[in-house]
1. What list of ³J(HN,Hα) values in whole Hz, one per residue of the stretch 52-59 in order, does the Karplus curve 6.51 cos²θ - 1.76 cosθ + 1.60 (θ = phi - 60°) give from phi, with Gly and Pro shown as x?
2. In a shell of Cβ-Cβ distance under 11 Å around Asn86, excluding Asn86 itself, what net charge do Lys and Arg (+1) and Asp and Glu (-1) give?
3. For Trp62, which sequence-distant residues (separation of 5 or more, or a different chain) have an amide H within less than 5 Å of its own amide H, given hydrogens modelled in the peptide plane?
4. In what order, largest first, do Ser160, Ser3 sit by accessible area if the probe radius is 1.4 Å?
5. Assuming R0 = 41 Å, what is the FRET efficiency of Asp20 and Ala95, from their Cβ-Cβ distance, to the nearest 0.05?
6. Along the stretch 89-100, what does the Karplus equation 6.51 cos²θ - 1.76 cosθ + 1.60 (θ = phi - 60°) give for ³J(HN,Hα), rounded to whole Hz, x for Gly and Pro?
7. What list of ³J(HN,Hα) couplings, whole Hz, do you get for the stretch 42-49 from phi and the Karplus terms 6.51, -1.76, 1.60, once you set θ to phi - 60° and write x for glycine and proline?
8. Considering only the other residues whose Cβ falls under 13 Å of the Cβ of Ala36, what net charge follows from Lys and Arg at +1 and Asp and Glu at -1?
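The values are calculated or read from the model by the stated rules, or taken from the named source; none is laboratory data. Here the structure is a predicted model, which is why all the values come from computation and not from measurement. Ideal geometry is used to build each Cβ from the backbone, glycine not excepted, and the neighbour counts take in all protein chains shown. Ligands, DNA and RNA are stripped out before the accessible areas are found, and what is left, the full protein with its side chains, is counted by its heavy atoms. Shrake-Rupley method; radii C 1.70, N 1.55, O 1.52, S 1.80 Å.
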Amino acid sequence: MTSLTDLTAHTPGLPCRTTDPELFHSNYARDRRRAALLCDPCPIRLACQTYAVENGEQWGVWGGLDFTAVETHCGTERGHQIHVRNRETACRPCAEAHRVHVEERRREQLSEEHAKGGTVRGYEIHRRMGEAPCASCKAASGRASAERRARQQQGRRRLSAVPGPSQAGERLSGPQAAVQRLALAG
């Protein structure tokens, strides 16, 4: 593999070479955010990130990542949160750590739903994880769908029982029948 030094020497127009290098190692987070944005179109961005991770860089912006903010959290869920908070694209180790974290949380939630005997929420978690729902969660979802359809049917029946415009002009009986209509002056 070509070293980062060779890549930077043979690639014209790199943002870190055409702007003030102090921007990439500033004490101010706002400057480092600006530097990270400058890295977005850089053709060697991933090589720069890889170099920084492999060499344990802990200061400055490398390949659009602010290692000053990431510090030693890189490769953890905390590191991913720091990337997101700084509006950065998470590095591979942090993105993988986040994916694992999300899957573990979903597995825990799914265990809770299975302990209840399978639920609609369990069915949705199965689907989010891209797997076929278990029989108990699928049955719970089917029951919920049937109940929802029954409520909708009941609502339609109630609406059809309400008098329509053709029935509105019928004579009333009972206490309202004694109400006298007022004559309007014309």
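1. After applying 6.51 cos²θ - 1.76 cosθ + 1.60, I find 5, 5, 5, 9, x, 4, 10, 9 Hz.
2. Numbers: positive: Arg30, Arg32, Arg33, Arg85, Arg87; negative: Asp66, Glu88.
Net charge in that neighbourhood comes out at +3.
3. Close amide H contacts, sequence-distant or interchain: Phe67.
4. Numbers: Ser160 95, Ser3 50 Å².
Greatest to least solvent exposure: Ser160, Ser3.
5. Details: r = 30 Å, r/R0 = 0.72.
FRET efficiency, Asp20 to Ala95: 0.90.
6. Using θ = phi - 60°, the values come out as 6, 5, 5, 4, x, 6, 5, 5, 4, 5, 4, 5 Hz.
7. So the Karplus estimates, Gly and Pro as x, are 4, x, 10, 4, 5, 5, 5, 4 Hz.
8. +3
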